[in-house]
Number of protein chains: 2
Amino acid sequence: MTGLRERKKEATRVALREAALRLALEHGPANVRVDDIAEAAGVSPRTYNNYFSSREEAIVAAVTADRESRIAAAVTERLPETRLAAAIIDAIAEQYTDPGEQSRDALLLITTNPGLRTAFLDAPAALEDPLEEVIATRIGDPQTARVLAASVAAAVRVALEQWTQPAGNGLVVVSGSLPELVRRMLEPLVPALDAAEA
Amino acid sequence: MTGLRERKKEATRVALREAALRLALEHGPANVRVDDIAEAAGVSPRTYNNYFSSREEAIVAAVTADRESRIAAAVTERLPETRLAAAIIDAIAEQYTDPGEQSRDALLLITTNPGLRTAFLDAPAALEDPLEEVIATRIGDPQTARVLAASVAAAVRVALEQWTQPAGNGLVVVSGSLPELVRRMLEPLVPALDAAEA
DNA sequence: CACGAAACTTGCGCGCGCGCAAGTTTGCGT
DNA sequence: ACGCAAACTTGCGCGCGCGCAAGTTTCGTG
């Protein structure tokens, strides 16, 4: 049951992040103040900061939505019938499949602007808590669960880092699709996940 | 050979962080503005932000010094004759042994104040780059090295988190010395490090 | 030694993040 | 239906973070 309170709250959250993305695409990220976003969403600037703790956060939230919580749900879903490592890797890779379409130019915007890129790379940190919980249900020790969850989140961040970098240096370009990149970066952690599960 | 330039730079860096810590201990962290720190160190407030990117950073730097780079050095030192996992764990645990004495009250200050605590927990992120480099010399794939370095840094952060929390909840208290806690948190990653080395 | 490039410092100004206290809205029990 | 408590919004003010451009110091080179 969702009360009026929660519905309104979610509405302004959505309004804020969509306004943020639209304005950033129209005028460029540098030319958008939080006052503009707040005004476009019909709330006070102060309220903006009750929802998002930085100017960039709303913009990346528009493209990220609530991916982190969906990942946790996806892991829980496959857990009963799968090994821990496979469940985690598949679930994460799935949630990072290209939604393509409208978010293409948004992602270009993010990878271009340094501030947005940083906010984008910080997003997977939100994986830690839900992942810890779901890992803890599988293995005994909650402390081990915490470490593994943090490591998985870190690996995802590294994957996004690589994917974001246009290379440009003199070394090998990673390229490939994001889901495959995520899988490759999570691979080194498989032995640790297996060992914890045994 | 160290030029005058670098010596001066290091001098003001030290002056800033020591002033920051002293003032924070004297008046409480909330009652210290960066203007105060800058003035006490004899530089302009603007210069402060050329050295530290937040008000808290200087304070934790006073107690952390350059622990991260020393860790990297310590790992390199034992690498030839030891397995990767052991080298990393021993080196990190060593660098987190209690320097006791004067930094006792400083650490209490940090764990008390939420802002300082956050800055303190962010510190091990600086491990990633040097660790990646040293791991990459041991194993082939630089991407795997990156992931493992990030995971180790994450595990260290988790250890500091636990150590910082006064528990207070209803669950098991971790307690024990910090080096032992660090070892325990790094243990789950050993299989991953072993597998990468093989 | 002289001098030009490079590194570093500093004042200025703008926008952000957030604590606080007052006002407004929603929810819930009676 | 009423009213109170809890949740949420908002204006205000302070300090911070940082880009920019001008001034100052250090470094290498002829």
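Determine whether A:Glu77 is closer than 30 Å to A:Arg183 by Cβ and touching a residue at least 60 places away in the same chain (Cβ under 8 Å).
Considered against the rule, which asks whether it is closer than 30 Å to A:Arg183 by Cβ and touching a residue at least 60 places away in the same chain (Cβ under 8 Å), A:Glu77 comes out as no.
Restricting to the range A:134-166, count the residues that are in contact with a Ser or Thr (Cβ under 9 Å, 6 or more places away or on another chain) and either more than 10 Å from every other protein chain (Cβ to nearest Cβ) or surrounded by fewer than 19 Cβ atoms within 10 Å (Cβ to Cβ) (or both).
Adding up the residues that qualify gives 8.
Residues checked against (1) closer than 24 Å to A:Leu160 by Cα; (2) touching a residue at least 40 places away in the same chain (Cβ under 8 Å); (3) polar (S, T, N, Q); (4) away from DNA strand C (no atom under 11 Å from the Cβ):
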| position | (1), (2), (3), (4) |
| --- | --- |
| A:Leu4 | no, no, no, no |
| A:Ile37 | no, no, no, no |
| A:Ser53 | yes, no, yes, no |
| A:Glu56 | yes, yes, no, no |
| A:Arg67 | yes, yes, no, yes |
| A:Arg83 | no, yes, no, yes |
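Helices (runs of 4 or more DSSP H) wholly in the range A:1-93 with at least 2 residues that are in contact with a helix residue (DSSP H, G or I) (Cβ under 9 Å, 6 or more places away or on another chain) and more than 12 Å from DNA strand D (Cβ to nearest atom) - which ones? Let's see the steps before the verdict.
On the way: elements: A:4-27, A:34-41, A:45-51, A:55-64, A:67-78.
Per the criteria, A:4-27, A:34-41, A:55-64, A:67-78.
So, in the range B:1-27, how many residues would count as being of a type outside the set (Ser, Thr, Tyr) and more than 22 Å from the chain's Cα centre (by Cα)? Working first, answer last.
Keep residues of the range B:1-27 that are of a type outside the set (Ser, Thr, Tyr), which gives B:1, B:3-11, B:13-27.
Next, only the ones that are more than 22 Å from the chain's Cα centre (by Cα) stay: B:1, B:3-8, B:26-27.
Looking only at that region, the number is 9.
Read the figures in this text as sums done on the coordinates, not as results from a lab. Everything numeric in this text was worked out from a predicted model, so none of it was measured. Please note: Cβ atoms are built from the backbone with ideal geometry, for glycine as well, and neighbour counts cover all protein chains shown.
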